[in-house]
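Working notes, beginning with the structure itself.
The values are calculated or read from the model by the stated rules, or taken from the named source; none is laboratory data. Model, not experiment: these values are computed from the prediction. Counting neighbours? That spans all protein chains shown, and the Cβs are built from the backbone with ideal geometry, glycine included.
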Amino acid sequence: MYFLLARVLQATIVMLCVALVGFLVFQFVGDPVLALVGQETTVEDREALRESLGLNDPILLQYARYVMNALQGDFGISYSFNRDVSEMIAERLPATIELVMFSGVLSLILAIPAGIYTGIRRKGGLAQTIMALSVIGVSIPSFLLGILLILVFSVWLNWLPSFGRGDVATVLGMRTSLFTWDGLSHVLMPAAVLCLFQLGVILRLIRAEMLEVLRTDYIRFAWARGLPGQRVYFRHALKNTLVPVVTAIGLQLSSLFAFSIITERVFQWPGMGSLLLHAIGQSDIPLLAAYLIFVGLVFTISNLVVDAIYVLIDPRIRHGAH
Amino acid sequence: MTDILCKTTDLKVTFPHRLGDFTAVHGFDMEVRRGEIVGLIGESGAGKSTIGNAIMGLLSHPGQVSGGRIELEGQNLLDLSDAALARLRGRKIGTIFQDPMTSLNPLMTVGEQLAESIALLQDKPMAQARNMAAERLDAVGIPDAINRMNQYPHEFSGGMRQRVVIALAMAGDPDLLIADEPTTALDVSVQKQVLDLIRSICIERSLGVILVTHDMGVIAETADRVYVMRHGKLVETGPTEQVIHKPSQKYTRDLIASIPSIECCEERFRNPVKRTGEIDQWLLAGHKDQSTDDYVTASALTKDFAIRKKTFWGTSGSFQAVDIPGLSIARGEVLGLVGESGSGKSTLGRMMIGLVQPSSGSIHYSDHGPLAEVRSRAARKALRRDVQVVFQDPYSSLNSRMRVDHILAEPIRFHGLGERAEIPRLVGALLERVGLPPDAGRKFPHQFSGGQRQRICIARALSVRPRFLLCDEPTSALDVSIQAEMLALLMELRRSLGLTLLFVSHDLAVVRQVSDRVAVMKQGKIVECRDAEHLFETPENDYTRMLLDTAPRASGHKEAINLRSAT
Amino acid sequence: MLERIRSDFWYELLNSPVTLASAIVIALMVIGCSFAPVFAPHTPFDPATISILDNNLPPAWADGGDPRFLFGTDLQGRDVLSAMLYGGRISLLVGIGAVALSVVIGMTVGLLAGYFGGMTDAVLMRIAEIQFAFPPILIALLFNGILKASLPADIFAQAAVPIMILAIGLAGWVQFARIVRASAMVQRNQDYVTACHAMGLPTLTIILRHITPNIVGPVLVLAMLQIAVAIVTEATLSFLGLGTPLTEPSLGALIQIGSQYLFSGIWWVVIFPGAMLLVMVVAFNLVADWVRDYLNPRLR
């Protein structure tokens, strides 16, 4: 129990530091005043603007104000779009979340059984093929894969559309494109690209862990006392494999968000990724800072969830024996 | 009762390798009957564990049985398919491995693991299996079995865990039990309990037990018959009494003779033959003062360690590892520090030489003053030259990435004890002094055996010309015959170089051989500290008595020693 | 015959044709790209040697191909093969350079944290954890992007390669710090380190002469894996327009150029640089996998 409380405290500190980084970027990269007004304003007017924006207050006060605002969802005004940053993010977020979640779940569904299989059957033909494909999966840059898929499926075969998001339908209160044919045909290639790398990483991780676990004394003892194969692999080995794997899978979530930036660019998927690229190109600092904080939040939350799962799975942690 | 349960005939096991096959077992014959405990004894590399593995069909890759037969109740196990053999495991053949900590799945409760085995092997429904599990845990001596069933392996002590392992091995009611070094990882007092348990279930259920071990004392106290192995071949076999008291082969005689006796201090250690090497002059240089006061004295020494109990505010709680009012070691004496694991003996030893900071109290060296005041770099270096350590594990004691001559040269160079040009000669002489060939310097540690590595460690300790040596279980990880050589070397060096030794060990017999005085530790405190002869002959403290009683001994080998010194 | 090779290393290597092929491929690419001026049939960056009349030519073996340009030309008449060699040089330079930087930073941090423990460890690892919250590619993106926006275009173009090395290197040190720290902590508890203390050896000597050689194994494996990742990251940055300028494109930028004209049927500007990129990365990954298995004593 204390373990979890300690982790929550740690997570809060991490978030505050992330917010600090966002704030520093916000504060010191480029001049907010210059970005808001043109070159022609007088020095006095600029000073007045500074004062009204609170830019002459002590740093800590500004930081505190920034955090308070952030907690209420106010991240400032975008320089290039002249709109509320949080509004813009909220607009684009669903598309990215849809893509990321679909890819994430897909990669887990495929990677876990494949990883277990290649861990148990080290040298079969199918196992070797899966391993070969996984190497390619982790090696091929996502933009290249995306372009190749477009080349094959859009240009040569003309089966799938090459850009944009398809029709949305409202399912369970959410607006998603996964349940329409048009929507599905649009999301298929980007999701395939996004999930392939993760799939490769998770598969290889599970396999490596499986191989380690199958060498332990307690597995050997399980064989020695006559437990059948199914039991040994799935009741004993698997649980022990999952403990370190769960951490890694949790980390993959923020990695998925990062890679979605590229995928969204290649397929012109209307998510946060293209927003970020635009922000980088235009030095739109409030947008950048908000994105940073968002990624930090995703990471922190997934870490906390992972820790909670850890406590459930590993009794040694519950009893503080580690 | 005279039926043969398990029999191997001309068993051969090989490990194929591209550079030449390695034969682990050469044509081995063995018989096990119901109701008897058969011992397989040998040093490391003898092949004894391999035989157990071969019977189970769990040889480690790439081992394979290359000849002979293994019969269980008349059926040749080698004819069976993998699946058929797997069915026998647990139901007909049970196994116990050495380390109870790693034998149990850390993520499943003890009750779950046992109930699962019972349900699967005896084809019983889960609910019934759980009841049976509680009964069986009780039968192996786990107190409060019903509640402790729901605990995880890490919540049990070593001895308790091994009992759980035994219950698991017996879950399928097998007829044959293979126990591979079942007590090696346990404390001496717990060892006896586990051996007694094995003995009682053997008698109760008419099991045939194959007891694999390197410890002759365990064999003497538990086995009915014994097979002595060496390099994969059978050396000798017969009833235990006979093999131990009247061994017919030289190897067996030597093996028994090299076991240090707990009954008396042997001549070869008490009066080692004094040797000299050319290096002795160099080693003795610079030590003129031979005052007769105590070499080192400790007073009011305590050491606390924080327990890693996670509370919200971090770790809390501490436990006291060491708490002694005073301890002193005279110049030139060997003080033996003996105790079970967790007694604090290692910690005390390391505090005495300044490797661990005490939580309170002080340590005073007559040559250097109080340890707490040794602060300047020169003073610390001087202390480090005088006081050295030999560790237990020959494998982690040496940097596997450094050549042996560099390992020895480094301290000499650092302390400025020799001219640059002289150093190779010094290193060669040191190696020779500890009994290694002079060209050993060009090799890397992994090219040496455990005993040889320990000699290198001794050479390294000597390379700074110390006066005081902490020996922290220096022979515990070595084979029995090597152990005797190592003790002889240490004693001889002590005699020739006038060293003072603090000898830490859990093995009473070994401590008896080398010590002038002995201090017995229990849970951080010294319960008795007297000269060795009196302590061993007439112990005053109950704990000391208990330790002496429970230590397994190959009784009667006094005669064997006489046999040897007569030859 | 293979069986009689004494050394385990060479036997295992020669016994794994896939790894051997990968190692050879890497060697060839490194040599070919380093000496690009020697091997490339054309100089794709010298405007004097390019003629717009040569543009959009398909590979030499296809209809309309020109034997002077083996893999065809791009929109501006640049030879794809030569551009690949020069582009590959940038990929390798950035990949290896960035990882070298990560290794230096990561090993320093990891050794300090692992050996000293306590406060040092806590502080260093907290910093690492905070940076670890951000995926390296994002960090590299932001770093590069911000610099590109802040610097004048021509300076950025000239400094593109060092900037990318810096960006990717700074983004990637955390993983090295973690494994070095874990290894260092294991080594610190080994008896030979205690023996060094008993000898009175100074801390720096212990860390550099004793501990470091014992942690090199995992670092080597990770380094090779990270080179593969760094190459991909560089290509991605260039693809997004945040890396090398289009006048001196790396493989990623080449692919970006080519991707704009896919629908017109000009496929060779994407496929050949893409294939080279893929082969490079796969080769590093395969060799890294083999080294990891080789160094793991229990798998043998």
Residues that are at pLDDT 90 or above and within 12 Å of chain C (Cβ to nearest Cβ): which helices (runs of 4 or more DSSP H) entirely in region A:79-171 hold 1 or more of them?
A:125-139, A:142-149
Would you mind telling me which numbered condition in (1) at pLDDT 90 or above; (2) of a type in the set (Gly, Ala, Ser); (3) under 24 Å from A:ALA248 (Cα atoms) C:ALA122 fails?
(1)
Within region A:202-260, residues outside any helix (DSSP H, G or I), of a type in the set (A, V, I, L, M, F, W, C) and surrounded by fewer than 22 Cβ atoms within 10 Å (Cβ to Cβ) come out as A:LEU214
Scope region A:298-317; condition facing another protein chain (nearest Cβ under 9 Å) and either without any contact (Cβ under 8 Å) to a residue 12 or more places away in the chain or not β-branched (Val, Ile, Thr) (or both); matching residues
A:PHE299, A:ASN303, A:ASP314, A:PRO315, A:ARG316
Could you check region B:398-428 and list, in sequence order, the residues that are away from every other protein chain (no Cβ under 12 Å), surrounded by fewer than 19 Cβ atoms within 10 Å (Cβ to Cβ) and in a helix (DSSP H, G or I)?
B:ILE423, B:PRO424, B:ARG425
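How do the helices (runs of 4 or more DSSP H) wholly within region C:1-90 filter down when requiring 2 or more residues that are not hydrophobic (A, V, I, L, M, F, W, C): which remain? Show your work before the answer.
Working: elements: C:8-14, C:17-34, C:36-39.
Correct list: C:8-14, C:17-34.
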Out of all the residues in region A:26-48, which are modelled with pLDDT under 70 and assigned to a helix (DSSP H, G or I)?
A:PHE26, A:GLN27, A:PHE28, A:PRO32, A:VAL33, A:LEU34, A:ALA35, A:LEU36
Kindly provide the set of residues from region B:50-75 that are surrounded by fewer than 12 Cβ atoms within 10 Å (Cβ to Cβ) and within 23 Å of B:MET229 (Cα to Cα), ordered by number.
B:SER60, B:HIS61, B:PRO62
Write out, first by first residue and then by second, each pair whose Cβ atoms fall under 7 Å of each other, whose residues are 6+ apart or on separate chains, and whose first residue, in region B:104-125, is touching a residue at least 60 places away in the same chain (Cβ under 8 Å) and at the interface with chain A (Cβ under 8 Å from one of its Cβ atoms) while the second is crowded, with 18+ Cβ neighbours inside 10 Å and among the polar types (S, T, N, Q).
B:LEU104/B:GLN113
Kindly indicate whether any position in region A:303-310 is surrounded by fewer than 18 Cβ atoms within 10 Å (Cβ to Cβ) and among the small types (Gly, Ala, Ser).
yes
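Here is a yes/no grid of residues against (1) assigned to a helix (DSSP H, G or I); (2) more than 9 Å from every other protein chain (Cβ to nearest Cβ); (3) modelled with pLDDT of 90 or more:
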site	(1), (2), (3)
B:GLY349	yes, yes, yes
B:GLN357	no, yes, no
B:GLY361	no, yes, no
B:HIS364	no, yes, no
B:GLN388	no, no, yes
B:SER396	no, no, yes
Would you list the helices (runs of 4 or more DSSP H) that sit entirely within region C:105-212 and hold 3 or more residues that are over 30 Å from B:PRO474 (Cβ atoms), under 18 Å from the mean Cα position of the chain (by Cα) and within 14 Å of another protein chain (Cβ to nearest Cβ)?
C:136-150, C:153-188
Taking region A:243-279 only, how many residues are within 16 Å of A:PHE197 (Cβ to Cβ), more than 9 Å from every other protein chain (Cβ to nearest Cβ) and free of Cβ contacts under 8 Å to residues at least 60 places away in the same chain?
1
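Which residue, of C:LEU70, C:LEU57, C:LEU81, C:LEU92, is closer than 27 Å to C:ALA228 by Cβ and in contact with a Ser or Thr (Cβ under 9 Å, 6 or more places away or on another chain)?
Details: C:LEU70 fails: in contact with a Ser or Thr (Cβ under 9 Å, 6 or more places away or on another chain); C:LEU57 fails: closer than 27 Å to C:ALA228 by Cβ; C:LEU81 fails: in contact with a Ser or Thr (Cβ under 9 Å, 6 or more places away or on another chain).
After applying the criteria, what remains is C:LEU92.
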Any residue that is outside any loop (DSSP other than H, G, I, E, B), over 24 Å from A:PHE259 (Cα atoms) and out of contact with any strand residue (DSSP E or B) (no Cβ under 6 Å at 6 or more places or on another chain) - is there at least one of those in region C:240-263?
yes
If you check B:THR14, B:THR2, which single one turns out to be more than 26 Å from the chain's Cα centre (by Cα), of a type in the set (Ser, Thr, Tyr) and modelled with pLDDT of 90 or more?
B:THR14
